[in-house]
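Everything below concerns the one structure shown next.
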Amino acid sequence: MINAPPSDGHVIVEAEVRDYGFSPAQQDGIWRRWREGQSFSLIGRALGAPMQHARRFLCHPMAMHDIG
């Protein structure tokens with residue numbers, strides 16, 4: 001969803017990222033495991049979820065995470 005009020009010249013962007021049923025803690029775990037080099041299969045198995053869900057979560061165009 002994008003809101004762009006023309007009156008003040010500022011643009012506010014709000015995006016909804018699909019979480020594929022993962023809790024915030026699980027999402028952090030997915031990013032951590034991915035940075036460690038684990039495969040999508042291992043990530044999915046560790047979370048008890050289909051590996052496609054982990055892959056889609058990580059590959060979502062709006063998926064962003066602090067990788068610092």
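Nothing in this text is a laboratory measurement; each read-out follows from the coordinates by a stated rule. Everything numeric here is computed off the predicted structure, so don't read it as measured data. Neighbour counts run over all protein chains shown; Cβ positions are idealised from the backbone, glycine included.
Structure notes:
- Taking other residues whose beta carbon is less than 11 angstrom from the beta carbon of residue 58, and scoring Lys, Arg as +1 and Asp, Glu as -1, yields +4.
- The Cβ shell under 15 Å around residue 41 holds other residues with a net charge of +3, Lys and Arg each +1, Asp and Glu each -1.
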